[in-house]
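Working notes, structure below.
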């Protein structure tokens, strides 16, 4: 039973990582005008991925802004907020199925 929960948590975290990567790529391309991820966005993606790896909530992870534990350093938190504010609404245009799955938790 514990292994099953761990597997579900890992799959959930992997999906979260895919979504945050798509959001950062969208931000870097459309807002910053880069064809590929710039060093700053690579750093943010690596940081966000590590934070997700160590999230104590696993499958029950709330949205970061609703989380009681703020695990991001203040500087990185500001960066990810900028990315999410820009990319979040646009994800419905560029990644509609992923966005709907994310919103409805499927």
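From 59, 31, 101, 73, which residue is in contact with a helix residue (DSSP H, G or I) (Cβ under 9 Å, 6 or more places away or on another chain) and loosely packed, with under 12 Cβ neighbours inside 10 Å? Don't jump to the end; show me each part of the working.
Working: 59 fails: loosely packed, with under 12 Cβ neighbours inside 10 Å; 31 fails: loosely packed, with under 12 Cβ neighbours inside 10 Å; 101 fails: loosely packed, with under 12 Cβ neighbours inside 10 Å.
Residue meeting the stated conditions: 73.
Residue by residue through the range 78-98, note down the ones that are under 18 Å from residue 65 (Cβ atoms) and surrounded by fewer than 15 Cβ atoms within 10 Å (Cβ to Cβ).
78, 81, 82, 85, 88, 89
Scanning the range 7-40 for residues that are over 14 Å from residue 91 (Cβ atoms) and in contact (Cβ under 8 Å) with a residue 40 or more places away in the chain, which turns out nearest to the chain's Cα centre (by Cα)?
Ranking the qualifying residues of the range 7-40, first place goes to 13.
Computed from the coordinates by the stated procedures, all read-outs in this text should not be read as laboratory data. Owing to the predicted nature of the structure, the values given are computational and were not obtained by experimental measurement. Methodologically, a virtual Cβ is constructed for each residue, glycine included, from the backbone with ideal geometry; neighbour enumeration extends over all protein chains shown.
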